[in-house]
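Below are the structure tokens for one structure; questions will follow.
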Amino acid sequence: MIASDRRSIRMERLVVSLAIVLALVPFLWLAATAYKPGRDIFAIPPTLLFSPTLENFRKVLTLFDVPALLINSLKIAGTSALLSLLVGVPAGYALARARSRWAMGLAYFFMAIRMVPPAATLIPFYLMMRDIGLLGQWISVALINTTLNAAFVTWMMFSYFRSLPKELEEAAMTDGCTQFGAFFKIALPAVRPGIIAAVMFCILFSWNDFLFAMFLTRLEDKPISVALLSAYGTKDITWGTLGALAHFSTLPIVVIVLGLNRYFVQGLTRGIH
Amino acid sequence: MSDLSLPVPARALSPLGFYQRRRWFLVAMAAPALAYILVVAVWPILQGMYFSLFDYNLLKPHRTKFVGLQNYLEVFDTPANRAAFVNTVIFTAAAVTIELVLGFGLALALWRDSRFNRIALALVLVPVTITPLVVGLIWRALLLPDFGLLGYWLAHWGLSDPRGLLADPHSALATLIAIDVWEWTPMMALILLAGLKSLPSDILEASRTDGATGWQRVRLIVLPLMLPAVLLALMIRSVDAFRVFDSVYVTTGGGPGNSTNTLMLQAVKEGLQFFDIGAASTLGNVTLLCIALIAGGLIAVIRRADRRANG
């Protein structure tokens, strides 16, 4: 019994270790090209050993206005996260506390919105932004990202609030607390992990989006994801500089998600079920 | 029932009763989100449905005319659209099936609650968090036949076309499926792991003491209990895979020829490169319809499975 347990633990670790290697090696390889001098990138056959250099980073910083690109990405992700939480958290609360069939139907409606393919909304949204004069500006990307994000936040917070016993809020209201006070001072602090996860997902989705950003922003409002695409295939750009630029677009998110992994995993699970 | 047991607050002496005020408060809390979604998501969807009934090109606006359902009747007349549809279906079916099998294995391996597994889960999830665009770049670089870590050896040993896997119409779609598997298997594993962790532990314990072997336990007890979670994971990943865009756009752009064209890619090309709004909207709605059918079908099956599981 115990011997077989030990054997299965060893099997499990083997499978998991293999998965870790497979998940990380391709990513680390592109990251590593950023530290390779040109001749090592084009080494034949490809080599894993090289003398590291920061040359590619220097080149990227002269070719691209990296801080401006990061600020654009941050503006889009931050605005979308703020707007999505502002509308999505109260909506999730309302749907969890309302006791009608309508509320459940509405919650499913929000989940369904999350599944709409961008192909069905992008073109009408593009024309809408053109007509109201927002086409080209980063705010238009934040606005369309917010539809998907707000829908996800509503659904996820609905799930968090539903598993929160309502007796505490009822007691507070009996003691003279306002309805908003019961939501804001009692329910909201109790779902703090959900709020953290919601912020993470909004930032993750908008930071990683590139379809909307590619077609909706002009040159000076472009986020880093779009810059990466335009860098790719340009004459001066080698895989080394591309790898360096990819650092700036992936590292912030990967660090946040690894650091707050507990919330990420919990939130993802809640957002799905 | 529980409505009646709610204690009436001391301050409920306003003209409206407490329950009525409660209802209006909750409506007001949900209203901004609903209004936002209606204006910024539902309205564009309806507009797209309207556009799809017209022969409408932004470059020739004066030639706009109402054609009814003609766009839909002719949508699969062009080879590009047909290829896009077939490729999207193959891509979704193959990628999601492989992800389900591998994801289930990974979830079983990660099931035991230990420090090792918690850290492993965080690391394994890295592909899910990387910008999909960068995922495309990573694989494009890895598979380059002249100096890619993988592509060089594949070409060297004659396992791929000398131009690389992505440039060969016979292997390009399969390669894109493999990339999707790399990116999303961890997500599949996470959804299934959540299902595994919520299984009733007494049943599993009983089967252990009854002397069932590991494989018997998985096949006879875990799999049937996991059916709703499996279906849910299938639905989420199918809906996502059906909308694939980023990784295809950056690795092959739909080529060579139409061998990796997808519905999303074709819709975006029609709309924002050729400015054919009618054709693009039609493709967008076909994609939307397919996704609705996939999601609706699987939700119906999930409900039936749930009902059977709960008696």
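The values are calculated or read from the model by the stated rules, or taken from the named source; none is laboratory data. Quantities reported herein were computed from a predicted structural model and do not represent experimental measurements. Reconstructed Cβ throughout: ideal geometry from the backbone, glycine too, with neighbour counts over all protein chains shown. To get the accessible areas, we keep the full protein, side chains included, count just its heavy atoms, and leave off ligands, DNA and RNA. Shrake-Rupley method; radii C 1.70, N 1.55, O 1.52, S 1.80 Å.
Would you please give the FRET efficiency between B:VAL39 and A:LEU54, computed as 1/(1 + (r/R0)^6) with r the Cβ-Cβ distance and R0 = 51 Å, to the nearest 0.05?
Between B:VAL39 and A:LEU54 the formula returns 0.60.
Now for a separate question. Relative contact order for chain A: what percent, with Cα pairs under 8 Å and sequence separation of 6 or more?
Relative contact order of chain A: 29 percent.
Something else: Expressed as a whole number of Å, what is the distance separating the alpha-carbon centroids of region A:241-259 and region B:82-122?
Centre-to-centre distance over Cα atoms comes out at 23 Å.
Check cross-link reach from B:LYS197 to the aspartates and glutamates: straight Cα distance under 19 Å, and skip same-chain residues fewer than eight apart.
Once the sequence-local aspartates and glutamates are set aside, what remains near B:LYS197 is A:ASP5, A:GLU12, B:ASP113, B:GLU205, B:ASP306.
Something else now. At a Cα cut-off below 23 Å, give the lysines reachable from A:LYS185, other chains included and same-chain residues fewer than 8 away excluded.
Of all the lysines, those that pass the test against A:LYS185 - Cα under 23 Å, at least 8 places apart if same chain - are A:LYS166.
Could you give the length gained by full extension between A:ASP65 and A:TYR108, i.e. 0.36 nm per residue of separation minus their alpha carbon distance, to one decimal place?
Extending this stretch completely gives an extra 11.2 nm.
Round to a whole angstrom and tell me the spacing of the C-alpha centers of region B:251-311 and region B:195-229.
Using only Cα atoms, the two centres lie 35 Å from each other.
To continue, here is another question. Keeping all protein chains in place and using 1.4 angstrom, which order do B:LYS60, A:LYS185 fall into by accessible surface area, from largest down? Please report the intermediate quantities before stating the final value.
Values: B:LYS60 85, A:LYS185 145 Å².
Largest accessible area first, the list is A:LYS185, B:LYS60.
Now a separate question. Running a GNM on chain B with Cα contacts under 10 Å, which residue among B:THR78, B:THR175, B:THR287 ends up with the highest mean-square fluctuation?
The residue with the greatest mean-square fluctuation here is B:THR78.
Once you place label points 7 Å from the Cα toward the Cβ at B:ASP306 and B:HIS156, how far apart are they in nm?
Rounded to a tenth, the inter-label distance reads 5.4 nm.
Mind telling me which of B:GLN47, B:GLN20, B:GLN216 comes out most flexible in a GNM of chain B, alpha-carbon contacts under 10 Å?
B:GLN20
Let a ≥ b ≥ c be the square roots of the eigenvalues of the Cα gyration tensor of chain A; is it rounded (a/c under 1.5), or, if not, prolate (a/b larger than b/c) or oblate?
It is oblate, given that a/c is not under 1.5 and a/b is not larger than b/c.
For a 32 Å ceiling on Cα separation, which of these pairs sit above it: A:LYS75/B:LYS65; A:LYS222/B:LYS269; A:LYS36/A:LYS222; A:LYS222/B:LYS65; A:LYS222/B:LYS60?
Going by Cα-Cα distance, A:LYS75/B:LYS65; A:LYS222/B:LYS65 fall outside the 32 Å limit.
If r is the Cβ-Cβ distance from A:LEU82 to B:THR209 and R0 is 60 Å, what FRET efficiency results, to the nearest 0.05?
It comes to 0.65.
Report, to two decimal places, the Cα Rg of region B:11-66 normalised by 2.2 N^0.38 Å (N = number of residues).
Here the answer is 2.11, to two decimals.
Report the one residue of A:TRP207, A:LEU242, A:ALA98 whose Cα lies farthest in the direction of the positive end of the charge dipole of chain A (charges on C-beta: Lys and Arg +1, Asp and Glu -1; origin at the Cα centre).
Farthest towards the positive pole: A:ALA98.
Which percent of the Cα-Cα distances in the protein assembly as shown go past 48 Å?
Details: 26071 of 170236 pairs.
The answer is 15 percent, as a whole percent.
Same structure, new question: Counting only the heavy atoms of the protein chains, how much of B:ASP306 is accessible to a 1.4 Å probe, in Å² to the nearest 10?
For B:ASP306, the solvent-accessible surface is approximately 60 Å².
On to the next question. Ignoring everything except DSSP H segments at least 4 long, calculate the 222 nm mean residue ellipticity for the protein assembly as shown; use -39,500 (n - 2.57) per segment, divide by total residues, nearest 500.
The helix-only estimate for the protein assembly as shown comes to -22500 deg cm²/dmol at 222 nm.
Given a cut-off of under 8 Å on Cα pairs at least six residues apart, what relative contact order in percent is computed for region B:16-163?
Relative contact order of region B:16-163: 7 percent.
With each pseudo-label sitting 7 Å past Cα toward Cβ, what's the B:ARG23-A:VAL255 distance in nm, one decimal?
5.2 nm
Further, regarding this structure: Which whole-number percent gives the relative contact order of region B:78-309, counting Cα pairs below 8 Å spaced six or more residues apart?
Relative contact order here is 29 percent.
Here's another thing I want to ask about it. With a cut-off of at most 13 other beta carbons within 10 Å, and DSSP calling the residue loop, which chymotrypsin sites (Phe, Trp or Tyr not before Pro) in region A:164-273 qualify? Please list them.
none
Can you tell me the length gained on complete extension of the stretch B:HIS62 to B:ILE119, counting 0.36 nm per residue apart and subtracting the Cα distance?
The span from B:HIS62 to B:ILE119 would gain 14.4 nm if fully extended.
Separate question: Going through the DSSP H helices of chain B, which span 20 Å or more along their own axis at the Cα atoms while scoring at least 1.0 as a mean Kyte-Doolittle hydropathy?
Span-like helices, by this rule, are B:79-110, B:172-197, B:223-242, B:277-309.
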